[in-house]
Amino acid sequence: MAKIAIFVLREPWSSLMATMNVSIPDPMKTWVEEQAQGGRFSNASDYVRHLIRRDQERSQAAEQLQAAVTAGVESGLARPFDMASFKGRMRSRHEQ
């Protein structure tokens with residue numbers, strides 16, 4: 001097991017950093033170091049912060065999707081849909 005130090009922001013608007021030590025297997029440490037050396041990230045901490053931000057964004061998107069699904073389920077039964085009537089309304093609305 002290798003240990004990697006991760007520096008994370010305390011608050012999004014703050015420049016203060018906190019240190020977090022994480023134990024990871026050697027192959028994962030090698031992977032993180034390779035990503036940092038690839039030029040896209042300045043160091044291992046930048047890469048790990050990037051991963052955390054992506055995970056936060058993914059989690060928020062999943063929560064929003066679940067909220068939309070819940071709202072749809074709680075909205076009640078679907079009404080019958082008349083395609084011909086819908087097309088007629090759209091044509092009359094968008095005619096120029």
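The figures follow:
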| quantity | calculated |
| --- | --- |
| Some residue of the range 35-43 being surrounded by fewer than 10 Cβ atoms within 10 Å (Cβ to Cβ) and of a type in the set (A, V, I, L, M) | no |
| Residues of the range 18-71 classified as of a type in the set (F, W, Y) and in a helix (DSSP H, G or I), total | 2 |
| Qualifying residue in the range 69-83 (condition: surrounded by fewer than 10 Cβ atoms within 10 Å (Cβ to Cβ) and either hydroxyl-bearing (S, T, Y) or under 15 Å from the mean Cα position of the chain (by Cα) (or both)) | yes |
| Residue in the range 50-67 that is touching a helix residue (DSSP H, G or I) at 6+ places or on another chain (Cβ under 8 Å) and either at pLDDT 95 or above or not polar (S, T, N, Q) (or both) present | no |
| Condition check for S45: closer than 25 Å to A18 by Cβ and hydroxyl-bearing (S, T, Y) | yes |
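The values are calculated or read from the model by the stated rules, or taken from the named source; none is laboratory data. Note that the coordinates shown come from a computational prediction; the quantities given were computed from them, not determined experimentally. Here Cβ is always computed from backbone atoms with ideal geometry, including for glycine, and neighbour counts include all displayed protein chains.
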